[in-house]
Number of protein chains: 2
Amino acid sequence: MADELTEAGGRIRLYVTADLAKDTSVTLSDGQGHYLLHVMRAEVGDCLRLFNGRDGEWAGEIMSAGKRGVTVTARARTAPQVEVPDLWLCFAPVKKTPSDYLAQKATELGVAKLQPVFTRRTIVTRVNQDRLLANVIEAAEQSDRLSVPEVAAPVMLEKMLSEWPEERTLYFCDEGGDACPMARVAILAPVAILTGPEGGFDPAERALLRKRSFVVPVTLGPRILRADTAALAALAVWQSTAGGWRQE
Amino acid sequence: MADELTEAGGRIRLYVTADLAKDTSVTLSDGQGHYLLHVMRAEVGDCLRLFNGRDGEWAGEIMSAGKRGVTVTARARTAPQVEVPDLWLCFAPVKKTPSDYLAQKATELGVAKLQPVFTRRTIVTRVNQDRLLANVIEAAEQSDRLSVPEVAAPVMLEKMLSEWPEERTLYFCDEGGDACPMARVAILAPVAILTGPEGGFDPAERALLRKRSFVVPVTLGPRILRADTAALAALAVWQSTAGGWRQE
């Protein structure tokens, strides 16, 4: 039975908040129920996979689907819980579509937390946290992650720096000046990567950042990268040199 | 005058195919003329920057704008020609929007050539080469590149391998099995990166690839990356460990 479930559960994978253990039943959200029954055309008796960020991944069986929602019972654990490295992405929010893309890709690339940061040249004035969260959940479901990154409330750059936990290195992706290549200065977690808005950081912000002991300015090559490209490149470079991609 | 042009030419940057030298005049394409006059609201006497992939970057002045098109005269060289490392991206084509995105990002990340490759599980059956080229030109203009990547005609995987130049290492991004982390096996150019379609390579293709002496299977971490994420991550990791991002 467990083997069958492991095989059959491959197609659909959902994030839930409830605890997962053998024979525990979980009621899905209305949105998940709709997706399951009307988009994926699943039926009672079908199998899927569930994860909650704490208990690993479980193969489950759809037990009921009615007016009170869809209930799934966990049957067999298909993977133990694995943590991603303690890597944050602090990013100046960009327009809607690039923000969606950034949230999805950063999730695939294994961030633990997404922190929107308002800077002086940030053009976007509001961040839709719910939309970001929906994007990271979908990306976590599709990339076989066992956790969903935290999506923090937006913060002003100055405030973020004044409350920063000193033991966490902050890689400041700096387009101008004398920064070191990212691969050369990458160290183990806890770390964070900071990328600016389309217009870059302003001189006062650059000076403020460079004064802090936990900030390491880094460069990503000689060309100008768009804000979302810089963030994804920095995440990939850190993962491959100091993070979760070093061993296999 | 040259200094003024260098300052003023910052806003608009266009790729042209004509030779560029002091006081040479270039007639822009109809599309570029339209963009310049009607989107950017430029006028005769305004300055912009030009590059052609051979002669560096030039500040130019709009000399005439009429029915015969827009003419720009190169006045001062603002940057010497710099080559990108000899890095190819061979990728199984994906849907329209991710393909646009991939072409733009790969250009920013400094590829020399984009090679679409059809594999057994590739769902997309046609590649719009003109659209890819428009995307890479726009990305080159906006990222301060001095060249535009070549966009090759699509090829079948088997044919590509049979005609492969043996001295060029081909990094095969392989999701299953015993591949090495990309950062550990990155060597100097000429190299190429190969990424598969959404469904991955099929077992026969994986076997075929692993038989060739120039193929090095590599892994990009424990999670499943979307096709475009894998390509961008691999490019960033190679650039930072063996390519153009090592020195600054």
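Of note:
- Rounded to 5, percent antiparallel among DSSP beta bridges of the protein assembly as shown: 40 percent
- Counting Cβ atoms of other protein chains within 10 Å of each residue's Cβ and taking the mean over peptide B:201-210 gives 0.
- D by Stokes-Einstein for the protein assembly as shown, Kirkwood Rh over Cα pairs, 10 °C, 1.306 mPa s: 65 µm²/s.
- Ordering of A:166-173, B:65-72 by burial proxy (mean other Cβ atoms within 10 Å per residue, highest first): A:166-173, B:65-72
- Scanning residues 5 or more positions from B:T169 or on other chains, those with amide H under 5 Å from its amide H are B:A192, with H placed 1.01 Å from N in the peptide plane.
- When each of the peptides B:159-165, A:150-156 is scored by how many other beta carbons lie within 10 Å of its residues on average, the order from highest to lowest is A:150-156, B:159-165.
- Based on DSSP H segments of at least four residues, each scored -39500 (n - 2.57), chain B has a per-residue ellipticity at 222 nm of -8500 deg cm²/dmol.
- Sorted shortest first, the distances from the B:H38 label point to those of the same residue in the other copies are 4.3 nm; each point sits 7 Å from Cα along Cα-to-Cβ.
- Entry note: segment A:2-79 has Rg to Rh equal to 0.92, where both radii use alpha-carbon atoms and Rh is the Kirkwood radius.
- Shortest first, B:V155 label-point distances to identical copies amount to 5.0 nm, with the label point at 7 Å from Cα along Cα→Cβ.
- With Rh defined as the Kirkwood radius, the inverse of the mean 1/r over Cα pairs, the Rg/Rh of segment A:87-241 is 0.93.
- Shielding by partners - mean other protein chain Cβ count within 10 Å, residues of A:103-113: 3
- With its label point defined 7 Å out from Cα along the Cα-to-Cβ axis, A:D178 lies at 4.8 nm from the matching points of the other copies, in increasing order.
- When you restrict to C-alpha pairs under 8 Å that are six or more residues apart and normalise by the size of segment A:13-120, the relative contact order lands at 24 percent.
- In degrees, nearest ten, helix B:96-108 long axis to first principal axis of chain B (Cα): 70 degrees
- The mean number of partner chain beta-carbon atoms within 10 angstrom of a residue's beta-carbon across peptide A:135-145 is 2.
- Out-of-range pairs (alpha-carbon distance over 31 Å; input A:K113/A:K211; A:K95/B:K96; A:K96/B:K159): A:K96/B:K159
- Residue of chain A nearest the A-to-B rotation axis [by Cβ], rounded angstrom distance: A:A236, 2
- Normalising the average separation of contacting C-alpha pairs (under 8 angstrom, six or more residues apart) by the number of residues puts the relative contact order of chain B at 18 percent.
- By other beta-carbon atoms within 10 Å, ranking A:F91, A:F201, B:F118 with the fewest at the front produces B:F118, A:F201, A:F91.
Throughout, read-outs are computed from the coordinates displayed, never taken from laboratory work. Please read all numbers here as calculations on a predicted model, not as lab measurements. Methodologically, a virtual Cβ is constructed for each residue, glycine included, from the backbone with ideal geometry; neighbour enumeration extends over all protein chains shown.
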